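**Student:** This is the structure, below, for whatever I ask next.
The values are calculated or read from the model by the stated rules, or taken from the named source; none is laboratory data. Just so it is clear, the model here is predicted, and its values are computed rather than measured. Note that we place each Cβ from the backbone using ideal geometry, even for glycine, and neighbour counts take in every protein chain shown. Only protein heavy atoms, including side chains, enter the accessible area calculation; ligands, DNA and RNA are left aside. Shrake-Rupley method; radii C 1.70, N 1.55, O 1.52, S 1.80 Å.
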Amino acid sequence: MAQNTKNLMGLAGIPLVMVLGNSMLIPVLPTMKAKLQLTGLQTSLLITAFSIAAGVVIPLAGYLSDRFGRKIVVILSLILYGAGGLLAGLAALWWDKPYGIIMIGRVLQGIGAAGTAPIAMAMVGDLFNGAAESRALGLMETSNGLGKVLSPVLGALLAMISWYMVFLAFPIICGAVLLLFWFCTRENRQQKQPMQVSQYLQSIGQVFRQHGRWLVPAFFIGSICLFTLFGVLFYLSDLLEETYKIDGVLKGGFLAIPLLVMSIVAYVTGLIIKKKLRVMRLFVISGMFLLAASYVIASFVQGVYLLIGVLVIGSAGTGMILPCLNSMIVGAVKKAERGMITSLYSGVRFIGVAVGPPVFTWLLGISRSVMFYSIAGLTALFAVVALFFLKPQQDSREASGQRAQAENEQAKETEAMRQAAEILGLQAESDEERRRSEAVRRMGFDPNELVNRLLGEKKEKGKS
């Protein structure tokens, strides 16, 4: 088996593990709330603890992977991730009041999650080039999307055994992914000297001085998308179970619908946008207005099935936005700076996930209409911000390289078509070729060619 294929096999499961950390818990949260006698805020903190820990540690994990190697950081992160789940599961099994220990386990899981998918993405850049890199990133995104869709159903299935089985499943999943990664993925160690912390911070500052006008809004928009997505899923999970008495796999299936739509739209968006910054910007602005419209409409909807249908519109908007932001950041920032900037971006997105459930709980405590109008206003505001400020410029060296590559490919295509036409006898003669052929047919020679030769001989004699 080729090493590239083995590398892909080892890397493919890592984004799946990171997604499961929150999404698999969403359908189980109402049951946890009832069993542990928690408040709405305490329940939401089970998501927040994981996400804040991951968001804070992701930039540090990126730096450590540059300094000590990516493979060791991923392995230790998977061990910590699984250990956090084991701690939370055993606490629920053995203690009468396990909430505090479960929270510690969730923090450990978040720290572990910081060194999984973001570092795996960096490894793809180390191990693959050109078209192979694009295919590998596509596989990683597919794994991420698959995790988003399957995780609510998987969480609901595990909850049928016991609500704490969702925690005990993490060591098993992380162990399987760890073994596959350990034996299949071979690391390419970087030869360059890693940056010191002070130099690392200076580089980040330089990037924001140069690109901050559009980069900061891009970070906020990405965070808001995840903030609203997980806030809505948290609200929907509680609504389905407590108001409509829909539980188990059926509830997991309902929660998977918005995530499935988001994943499909994100995949199609990735095929459309390619490297076109104007198209990306249009998709981001349209997606934000679509999000705002869906939340305004949702405030008037009462039935749960119609509500899910309306929220699917917002999920489509999120699917339009996220791939464009990823491509903007990668395309407009120099390759040497991408690792640190994408790590920061991932961290900010996780903060959005962390803030979503508690803020939605607080707003819902005021009223359902206030909740939907507030997030609609926030997304509409940042749609306007995107309209005026989200104007990235592609890195000049990369842009010129892409233009040269496109021109080279076009020239090759034109030459191939010409050769094929000649072989098939389909190549049309030019006016000059037709004139020459007609002269040779009538007089036996081309007068213009004869004159050019005579003039050429006179010039040569004059020079001599």
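**Student:** Tell me the carbon and sulfur percent of the accessible area for the range 242-389, rounded to whole percent, probe radius 1.4 Å. Let's see the in-between values first.
**Tutor:** Numbers: 4660 of 6290 Å².
Heavy-atom surface of the range 242-389 belonging to carbon and sulfur, 1.4 Å probe: 74 percent.
**Student:** Please compute the net charge surrounding Ile264, taking Lys and Arg as +1 and Asp and Glu as -1 over other residues with Cβ under 13 Å from its Cβ.
**Tutor:** On the way: positive: Lys148; negative: Glu141.
Net local charge, Ile264 excluded: 0.
**Student:** Order the peptides 112-124, 290-302, 219-231 from the highest to the lowest mean number of other Cβ atoms within 10 Å of their residues. Don't jump to the answer; show the numbers that get you there.
**Tutor:** Values: 112-124: 26.1, 290-302: 19.1, 219-231: 23.6.
Result, highest mean first: 112-124, 219-231, 290-302.
**Student:** Enter the accessible area per residue of the range 176-294 (Å², integer; probe 1.4 Å; all protein chains in place). Mind showing how you got there, number by number?
**Tutor:** Values: 6170 Å² over 119 residues.
For the range 176-294, the solvent-accessible area averages 52 Å² per residue.
**Student:** In what sequence, largest accessible area first, do Ile72, Ile161, Ile375 appear using a 1.4 Å probe?
**Tutor:** Values: Ile72 80, Ile161 125, Ile375 0 Å².
Descending accessible area places them as Ile161, Ile72, Ile375.
**Student:** Relative to the compact-globule scaling 2.2 N^0.38 Å, provide the ratio for the alpha-carbon radius of gyration of the range 217-340. Display every interim value, and only then the final one.
**Tutor:** Values: Rg = 16.0 Å, N = 124, 2.2 N^0.38 = 13.7 Å.
That works out to 1.17 for the range 217-340.
**Student:** Another question, then. Using θ = phi - 60° and the Karplus relation 6.51 cos²θ - 1.76 cosθ + 1.60, list the HN-Hα couplings for the range 151-161 in order, rounded to whole Hz, with x at every Gly or Pro.
**Tutor:** Coupling constants for the range 151-161: 4, x, 5, 4, x, 5, 5, 5, 5, 5, 7 Hz.
**Student:** Still on this structure, I have one more. Please give the net charge around Tyr164, taking every other residue with its beta carbon less than 15 angstrom from that of Tyr164, where Lys and Arg add +1 and Asp and Glu add -1.
**Tutor:** Numbers: positive: Lys33, Lys35, Lys97, Arg106; negative: Asp96.
Net local charge, Tyr164 excluded: +3.
**Student:** Rounded to a whole number, what % of the accessible area of the range 1-142 do carbon and sulfur atoms account for, probe 1.4 Å? Present the calculation step by step, with values, prior to reporting the outcome.
**Tutor:** Working: 3680 of 5410 Å².
So the carbon and sulfur contribution to the accessible surface is 68 percent.
**Student:** Right, something else. Hey, which of these cross-link pairs are over 28 Å Cα-Cα: Lys71/Lys276; Lys35/Lys71; Lys6/Lys251; Lys71/Lys251; Lys97/Lys245? Write down the numbers at each step before the final one.
**Tutor:** On the way: Lys71/Lys276 33 Å; Lys35/Lys71 39 Å; Lys6/Lys251 37 Å; Lys71/Lys251 37 Å; Lys97/Lys245 26 Å.
Violating the 28 Å Cα-Cα cut-off are Lys71/Lys276; Lys35/Lys71; Lys6/Lys251; Lys71/Lys251.
**Student:** Taking loop as defined by DSSP and a crowding limit of 13 other beta carbons within 10 Å, which chymotrypsin sites (Phe, Trp or Tyr not before Pro) in the range 69-105 fit?
**Tutor:** On the way: sites: Tyr81, Trp94, Trp95, Tyr99; in loops: Trp95.
Qualifying residues, ordered by number: Trp95.
**Student:** Here's a follow-up. Just the number please: accessible area per residue for the range 31-73, 1.4 Å probe, all protein chains included, in Å². Kindly include the intermediate steps, with their values, before the conclusion.
**Tutor:** Numbers: 1770 Å² over 43 residues.
So the range 31-73 comes to 41 Å² accessible per residue, rounded to a whole number.
**Student:** Okay, moving on. Dividing the alpha-carbon Rg of the range 55-155 by 2.2 N^0.38 Å yields what?
**Tutor:** Details: Rg = 16.1 Å, N = 101, 2.2 N^0.38 = 12.7 Å.
Normalised Rg, Cα atoms only: 1.26.
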